[in-house]
Every structure is written in C-alpha cells, then in structure tokens.
Amino acid sequence: MNDISHRAKYAARLARVLDHIYDHLDEPLDIERLAQIAYLSPYHWHRIYHAMYGESVATTVRRLRLHRAAGFLANGSMPIAEIARRSGYSSLQSFTRTFSAVFGIPPAQYRNAGTHTRFRPSLANPGENAMIKRDVVIRDIESFDVLAVDHVGPYMQIGKAFDSLMGWLASRGLLSGEMRMIGLYYDDPSAVKESELRSKAGVYLPRAVDVTGGPVSVASVAGGKYAVLRHQGPYADMAAAYQWLYGEWLVNSGYEAADAPVFEEYLNTPQDTAPSDLLTDICLPLLS
C-alpha cells in the first residue's frame, strides 16, 4: 500500500468525525466518542486530526458553533441566551466573551449593527448605499470545471461538504496553492425548504483529476457575463447581501439574470482568517 493509500485511509476516518461534529453541534464534545468514530486510539487520534486539518478538534467545534451562532443572530430572532446554550456555553457571559473575541463585537450588537445591516437601508430606501453599488462589477468569466461534493440542506452548513472535499484532496496529495474554492447554489432559500436546498462545494484545479469511485464529481460552471459583488465579512451576512443584490441592484441595473446557478468564490478561509476579514465574490450570471 502506497503513502497516498495510507493517507486516504486516515482521511476517511477523520471525515466520519467531521460528519458527526456537524450533525451534533448541540451536544457536548465527547473526545472518547469521536475516537471511536475515527477507529483510532484515544491517546493519539486528536494529534492526527490536528496534523491533517491544521487545528484541534476543539477549535473546529468552537469555530463551527460560533459560525452557526452568527447565522442565528443575523438571520433570525432566537434569544441570545438560547443561542449561547446551543453553542455549548454554560453562561451567557462566557458566550458573549468568546463571541466578542472572535467577531469583534458582542452578540447583541452584532444582531443590531453587524456588517449584515449595511444592506438594510437600501432595501427600505432604494437609491441609498452607493458605496455598495460600486462594489458590484461586471465580468466576463470563461466556463470552467470544479471537483465537487454535493450538499443538501442549509447553505450555512455547506462547510461539511467542503471539509469532505478537502479530506479527499489531501488524501491524494492534491492540495495546492493553485486551488480556487467555489460554492455552487441551485435553489432560492425563500422558496425551497432549508432541508432540501441543493449546493455543491467545489475546488478548481488547472489539471484533470480522476474522480472514479468516490464522493467527488466534476461540475461545470457556465461561462458568460456575471455581476460580481465582493463581500467582506462573516458568512452569516451573506443572506442580506443576496437580498440586496437581487432586490435592489439587479432590478435597477438594466440586466436580467441568466438561467444558471449563482456561485461564490472564497478568497480566504475561516481556518486562518478572522470573520470580519473573510472575502467572498458572489457571482450572479447575467444574460449577455
């Protein structure tokens, strides 16, 4: 068995751990249970995890819970105390302290005045937010293919598919600086049940890769004219950005949307970037 096959075996084991974490974010972290899921020694498995993913499992869990908490705050009315409880914190004070350290402001302030709120004035008063309008540029994009893993469910949980894809790439020695991280989104969250939303977590590589016999497929991104909004801030803010892009920019732009899915390109990653500094290009296809 070669080195890549050995690595693929470990990646598959740790992928099961990530699946369990995503599906049980409301539950206490049980290191012994995660070791059992990975079929690895409880004395060593977390070191293997850290070596392969670049962060401890505890850091992964905290990051995912806070990411979800930001979504609850930006896009809903769940009480903050309930968000803290579901995020694994025994007190509102400890949740507030941790959230503030990561996002730069307390949860209540984030809900009322976070970066997602910069899109709200224009929805109520068309013509405002000229600075955001200047952030939309029209680009001609050539068609390209991505290696992709399917995701069905809340768009805020597409990270589960990205983690699966990254593990698959790592097990085959395909991780490189040439990668472009792409998310494809096929449904409107306001028209389709959250549990049925379809998307793909993708990576562009400038060379062909054999995907036979695995969870990875090849998906095509249509070429043509796109309106591109560069979004800076937490992924939880994206719903407001989409509402503004469709509800104000598109209807006032003179363009029409093309019959192709929107895609996002992630210019950095939450593993090594503060939420406020995350950069995402939202790419809306247009009729030429």
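The values are calculated or read from the model by the stated rules, or taken from the named source; none is laboratory data. Predicted model only: the values in this text are computed from it and were never measured. Because the Cβ atoms are built from the backbone with ideal geometry, glycine has one as well, and the counts that use them run over all protein chains shown.
Quick notes on this structure:
- Residue within the stretch 254-271 that is of a type in the set (D, E, K, R), under 16 Å from Ser199 (Cα atoms) and within 15 Å of the chain's Cα centre (by Cα) present: yes
- Per-region count, the stretch 198-217, residues under 19 Å from the mean Cα position of the chain (by Cα) and over 20 Å from Tyr266 (Cα atoms): 1
- Close Cβ contacts (under 6 Å, 6 or more residues apart or on different chains) running from residues in the stretch 249-274 that are over 25 Å from Gln157 (Cβ atoms) and assigned by TED's automatic domain parsing to the domain that holds Val137 to residues that are surrounded by 15 or more Cβ atoms within 10 Å (Cβ to Cβ) and of a type outside the set (A, V, I, L, M, F, W, C) comprise Ala258/Pro285.
- Residue in the stretch 206-220 that is closer than 29 Å to Leu287 by Cβ and of a type in the set (Lys, Arg) present: no
- Within the stretch 203-230, being in contact with a helix residue (DSSP H, G or I) (Cβ under 9 Å, 6 or more places away or on another chain), part of a strand (DSSP E or B) and touching a residue at least 60 places away in the same chain (Cβ under 8 Å) holds for Ala227, Leu229.
- Condition check for Leu14: buried (at least 19 other Cβ atoms within 10 Å of the Cβ) and either in the same structural domain as Ala161 (by TED's automatic domain parsing) or not acidic (Asp, Glu) (or both): yes
- Residues that are more than 17 Å from Arg65 (Cβ to Cβ) and hydrophobic (A, V, I, L, M, F, W, C) within the stretch 97-113 comprise Ile105, Ala108, Ala113, listed in sequence order.
- Note on the stretch 231-272: residues that are assigned to a loop (DSSP other than H, G, I, E, B) and either aromatic (Phe, Trp, Tyr) or farther than 23 Å from Met166 by Cβ (or both) total 6.
- Qualifying residue in the stretch 265-288 (condition: over 23 Å from Leu66 (Cβ atoms), surrounded by fewer than 19 Cβ atoms within 10 Å (Cβ to Cβ) and at pLDDT below 90): yes
- Pairs, first at positive phi in the stretch 23-40, second in a helix (DSSP H, G or I) and not β-branched (Val, Ile, Thr), C-beta under 6 Å, six or more apart: Tyr39/Arg13
- Residue that is touching a Ser or Thr at 6+ places or on another chain (Cβ under 8 Å) and among the polar types (S, T, N, Q), where the choices are Ser276, Ser288, Ser217: Ser276
- Criterion violated by Lys225 - all others in (1) surrounded by 15 or more Cβ atoms within 10 Å (Cβ to Cβ); (2) closer than 17 Å to Leu184 by Cβ; (3) at pLDDT 95 or above; (4) over 15 Å from the mean Cα position of the chain (by Cα) satisfied: (2)
- Search result, residues across the stretch 66-81 that are part of a helix (DSSP H, G or I), out of contact with any Lys or Arg (no Cβ under 9 Å at 6 or more places or on another chain) and more than 18 Å from Pro189 (Cα to Cα): Leu66, His67, Ala81
- Of all residues in the stretch 254-264 being out of contact with any Ser or Thr (no Cβ under 9 Å at 6 or more places or on another chain) and surrounded by 16 or more Cβ atoms within 10 Å (Cβ to Cβ), the one that is nearest to Leu287 (Cα to Cα): Tyr255
- Some residue of the stretch 180-190 being acidic (Asp, Glu), more than 14 Å from Pro261 (Cβ to Cβ), exposed (fewer than 13 other Cβ atoms within 10 Å of the Cβ) and free of Cβ contacts under 8 Å to residues at least 60 places away in the same chain: no
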